[in-house]
1. What do you reckon, is residue 5 within 10 Å of ligand 1 (Cβ to nearest atom) and touching a residue at least 40 places away in the same chain (Cβ under 8 Å)?
2. Can you run down the residue pairs with Cβ atoms below 6 Å, 6 or more apart or on separate chains, where the first is in segment 266-291 and of a type in the set (S, T, N, Q) and the partner is not in a loop (DSSP other than H, G, I, E, B)?
3. Kindly indicate the residue of segment 74-89 that is of a type in the set (A, V, I, L, M, F, W, C) and in a loop (DSSP other than H, G, I, E, B) and also farthest from residue 304 (Cα to Cα) among those meeting that condition.
4. All but one of (1) away from ligand 1 (no atom under 11 Å from the Cβ); (2) charged (D, E, K, R); (3) crowded, with 20+ Cβ neighbours inside 10 Å hold for residue 115; state the number of the condition that does not hold.
5. Looking only at residues that are touching a Pro at 6+ places or on another chain (Cβ under 9 Å) and under 29 Å from residue 73 (Cβ atoms) in segment 25-38, which one is nearest to ligand 2 (Cβ to nearest atom)?
6. Could you grab me the full set of residues in segment 60-78 that are buried (at least 16 other Cβ atoms within 10 Å of the Cβ) and either within 16 Å of ligand 2 (Cβ to nearest atom) or not hydroxyl-bearing (Ser, Thr, Tyr) (or both)?
7. Six or more apart or on different chains, Cβ atoms under 7 Å: show the pairs whose first residue is in segment 643-671 and surrounded by fewer than 17 Cβ atoms within 10 Å (Cβ to Cβ) and whose second is assigned to a helix (DSSP H, G or I).
Amino acid sequence: MSPKPADRIAKLRRQLEDANYRYHVLDDPSIPDGEYDRLLRELEALEAEHPELADPNSPSQRVGDKPSSKFAEVKHAVPMLSLANAFADEEVADFVARISRETGDDAPEFSVEPKLDGLAISLRYEDGKFVRGATRGDGVTGEDVTPNLRTVRAIPLQLRGKPPKVLEVRGEVYMPKAAFEKYNAWAAEHGAKTLANPRNGAAGSLRQLDPRITAQRPLSFYAYALGETDAKLPKTHTETLAWLRELGLPVSSLADAATGTEGLLAYYRRVGEERNALPFDIDGVVYKLNRYDQQRAMGFVSRAPRWALAHKFPAQEEATVVESIEVNVGRTGAVTPWVQMTPVHVGGVMVGRATLHNADQIARLDVRVGDSIIVRRAGDVIPEVVRVIEERRPLDKKGKPLHPPYALPTECPICGSDVVREEGEVVARCTGGLFCPAQRKEALIHFSSRRAMDIGGLGERFVDALVEFGYVETVADLYKLTVDDFLEMKRRADERDGTVPETVKAGKVASKWAENLIAGIDASRNTTLERLLYALGIRDVGESTAKTLARHFGALAPLMAADEATLTEVPDVGPVVAARIAHFFAEQHNREVIAGLRKNGVHWPEGAPQRAVDGPLSGKTVVLTGGLESMSRDEAGARLEALGAKVSGSVSKKTGIVIAGEAAGSKLAKAQELGLEIWDEAKLLDFLAKNG
Ligand SMILES: NC(=O)c1ccc[n+]([C@@H]2O[C@H](COP(=O)([O-])OP(=O)(O)OC[C@H]3O[C@@H](n4cnc5c(N)ncnc54)[C@H](O)[C@@H]3O)[C@@H](O)[C@H]2O)c1
Ligand SMILES: [Zn+2]
């Protein structure tokens with residue numbers, strides 16, 4: 001039975017008040033915004049159904065929370081309100097329809113802006129000078145945080161142009177994503193408390209008693225509204241934003257104008273697509289009726305203007321419960337922990353799994369079975385566990401956690417081999433190599449992928465079945481398969497998965513796909529050494545290293561015989577990679593696989609080692625120094641070598657070209673001294689593009 005409305009309302013009000021306090025006063029929310037928004041909507045709906053239970057002190061009627069007594073109070077001459085919000089397109093259409101009806105304008109124009117996820121503040125300028133800044137507080141009374149705001153570089157201390165006598169500017173202080181990530185990486189390393197999200201980072205940093213702490217956290221600011229002023233105002237909000245820009249205040253370049261529901265929704269979609277690429281967090285867009293006379297006609301309700309609407313994006317963080325903690329074993333044996341959780345709608349889709357990355361991350365988060373967690377999914381990024389909601393950890397009768405801390409398994413769950421974590425490595429690995437079926441499947445998928453052996457049609461499901469039913473143990477076995485093997489394998493896979501097609505039930509055998517697959521496997525026999533090397537899946541041997549190795553050795557036998565020292569002579573191969581390559585070829589079963597491939601007809605042209613390439617840079621020595629933005633130095637080196645250059649580590653009179661990236665130091669200085677030819681990254685890219 002559902003509770004009585006009065007009880008439910010009371011409970012929701014308590015929960016929301018508590019959440020408000022933690023969010024607005026302590027800057028330490030316990031629940032994700034999505035959950036807060038749902039609770040608030042439920043309360044609003046119940047209150048609308050039961051007007052007799054209305055209360056002016058209800059969280060539905062109020063903005064933010066009382067200012068903290070840590071700071072002096074500031075009374076806002078013009079209150080700082082909240083915004084009505086919408087999630088669905090229909091709510092936007094209703095909003096526009098209401099405005100059209102009440103203003104008589106059937107195509108009302110709006111200022112459309114990003115909804116920055118930070119903290120609202122009010123800046124007061126007198127005769128162009130910044131004199132005071134305050135937080136929103138409860139909308140009527142805010143906190144004086146003037147010294148802290150002075151440390152925010154985006155906030156001008158002196159306005160430009162012709163400022164009025166009094167000007168209050170409202171806007172959002174926010175923490176750029178990069179600054180947030182940098183801070184959290186630092187905090188994790190130094191055992192300090194990490195910030196829950198950039199919004200709380202901004203609020204927590206700004207509301208510090210010691211402005212020196214604020215100064216260390218790179219905050220920024222965008223202006224989006226006016227408070228008290230004696231200036232003669234333009235007729236529209238868009239014009240006001242342009243004027244604020246002229247006065248030297250930062251206004252988001254995403255701000256625009258749009259007309260009618262269609263225009264608003266188009267803006268919502270456009271900004272939504274850009275959301276993840278923006279350097280700051282936004283949680284939606286804001287529509288504001290553009291003409292001030294129309295705004296006045298629409299007026300206000302208790303906590304928000306009726307002429308504005310916040311159209312929210314799907315929440316990127318949600319709360320859910322850990323059902324179990326599992327591990328995945330990847331192609332190289334990497335053991336990656338992840339949680340199976342009660343599925344939850346986040347970032348616009350339902351997700352049931354989230355990654356825990358590695359053992360360090362588990363230790364840091366202390367995630368346990370049964371825990372309530374916050375998961376985050378931004379864009380196409382794999383959902384991840386952000387933190388545990390500790391208050392909700394299940395306890396036993398004695399008040400102790402019901403479940404112990406989680407530890408990674410010491411044995412591979414797939415093959416039973418030892419799981420080890422190499423000295424200095426973050427990742428733990430199964431040592432089962434090609435014996436581990438998990439690695440076998442991944443090895444097969446990688447081997448047959450387009451840039452490796454390019455066997456079309458051999459998707460994950462077939463690889464799975466081939467391994468599961470024992471048709472192949474290593475990649476060499478692929479070349480022994482027949483059409484009949486494939487047909488039988490598919491029949492078994494269909495039976496196992498309950499996906500037997502009607503045609504097959506009717507006794508028909510479709511064999512064309514199997515013939516095509518065999519033809520694909522057949523064609524892949526004729527390959528190149530670099531493809532083969534890449535396809536073998538040696539750790540850290542990507543396409544570019546495979547290519548360099550192939551060129552440097554010309555043939556497989558000398559490469560297999562090379563020791564670590566010889567391998568380090570190869571451009572682009574450092575000691576770690578050299579050790580991995582040597583180790584791979586020293587392993588007996590890997591040699592057997594290669595022999596098996598050869599025996600089954602896989603072949604490639606071999607030739608003399610190509611150590612100096614003929615190309616536009618032949619005979620030139622090139623030195624790379626400093627950091628490049630678009631590629632690693634190794635990669636740049638490999639590409640230059642492919643054009644004939646000899647890449648060297650030191651600058652001398654004989655050096656042909658010095659390529660100087662970001663923060664290039666003594667080598668650049670020496671090159672300048674010697675009067676050598678010096679390229680920057682742009683020039684390099686241009687050259688590679690013309691000759692690549
Ligand atoms: N997780 C929690 O426990 C918890 C608790 C309380 C509130 N919240 C979250 O806080 C929000 C509610 O707080 P709210 O009352 O500040 O409402 P709001 O954040 O939804 O909307 C109002 C605010 O939007 C901001 N804003 C950003 N860009 C703007 C623009 N271009 N023009 C105007 N305003 C702009 C301003 O700071 C303004 O105060 C919700 O998102 C809610 O989920 C979460
Ligand atoms: Zn294993």
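The values are calculated or read from the model by the stated rules, or taken from the named source; none is laboratory data. Keep in mind it's a predicted model, so treat the numbers as computed, not measured. Methodologically, a virtual Cβ is constructed for each residue, glycine included, from the backbone with ideal geometry; neighbour enumeration extends over all protein chains shown.
1. So residue 5 does not fit the description; no.
2. 290/109; 290/110; 290/111; 290/236; 290/237; 290/238
3. That would be 88.
4. Checking residue 115 against (1) away from ligand 1 (no atom under 11 Å from the Cβ); (2) charged (D, E, K, R); (3) crowded, with 20+ Cβ neighbours inside 10 Å, the one that fails is (1).
5. Applying the filter and picking the extreme gives 36.
6. Residues satisfying the conditions are 62, 63, 64, 65, 66, 67, 71, 74, 76.
7. From segment 643-671, the pairs are 653/674.
Here's the yes/no breakdown for (1) more than 35 Å from the chain's Cα centre (by Cα); (2) surrounded by 12 or more Cβ atoms within 10 Å (Cβ to Cβ):
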| position | (1), (2) |
| --- | --- |
| 564 | yes, yes |
| 585 | yes, yes |
| 594 | yes, yes |
| 602 | yes, yes |
| 605 | yes, no |
| 615 | yes, yes |
| 622 | yes, yes |
| 627 | no, yes |
| 634 | no, yes |
